[in-house]
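Structure record follows, encoded as structure tokens.
The values are calculated or read from the model by the stated rules, or taken from the named source; none is laboratory data. Note that the structure is predicted; figures quoted are calculated from it, not measured. Cβ: placed from backbone, ideal geometry, glycine included. Neighbour counts: every protein chain shown.
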Amino acid sequence: MAQCAHAHPVLMNRGFTLAELIVVLVVVGIISVIALPRLSENTIELSGQAEQVASDIRHAQSLSMTRGAALGSQGRYCLFFTATGYQYKHNANSYATPCTVAVAHPATGSTTAIVLSGGTAVLPTNLTGNYVEFDGKGQPTSFAGAGNATITLTATGGPRTVIISPVTGKVSVQ
């Protein structure tokens, strides 16, 4: 028998030790604890909502540039924000007042406000009111200061921020 063990030493060294297996399991466990919350359903839903808000802001900008003149020389489109959503509006060619006339949402066809699901809270900052308004050139006209305006969406998946540039109206999500 001793002769067989010496004849095939490779067969004796196959496999992993218990210590190696435990280290691998610990590393996999740590990665799971870090990665799974980031990929939760709430996080994915919140990211989708932030992208939708950004897309709708871009649409309001596009409406101001293409249809604002049809309202008159002061025609503008806006997105008004509530604590849990937002609504498309236009100003009926009255520069003196912010947007007051509800406009149909392009996806729903309804003039009612969009309410974000999952208890998402909406917090606009650096805007003169709770709205972002664009002129006929697509430039935002409702900024309170020189910096970017932000729309922060907060839910259990963590905050997502929609950023609007003050000069160009460029919209991005972080």
With criteria (1) at pLDDT 80 or above; (2) assigned by TED's automatic domain parsing to the domain that holds residue 134; (3) in contact with a helix residue (DSSP H, G or I) (Cβ under 9 Å, 6 or more places away or on another chain), residue 16 comes up short on (2)
- Query: So is residue 67 without any contact (Cβ under 8 Å) to a residue 24 or more places away in the chain and surrounded by 13 or more Cβ atoms within 10 Å (Cβ to Cβ) or not?
  - Reply: yes
Counting only residues in the stretch 142-154 that are surrounded by 17 or more Cβ atoms within 10 Å (Cβ to Cβ) and at pLDDT below 90, the one farthest from residue 68 (Cα to Cα) is identified as 143
Is it the case, given these coordinates, that residue 121 is under 26 Å from residue 68 (Cα atoms), among the aliphatic types (A, V, I, L, M) and assigned by TED's automatic domain parsing to the domain that holds residue 71?
no
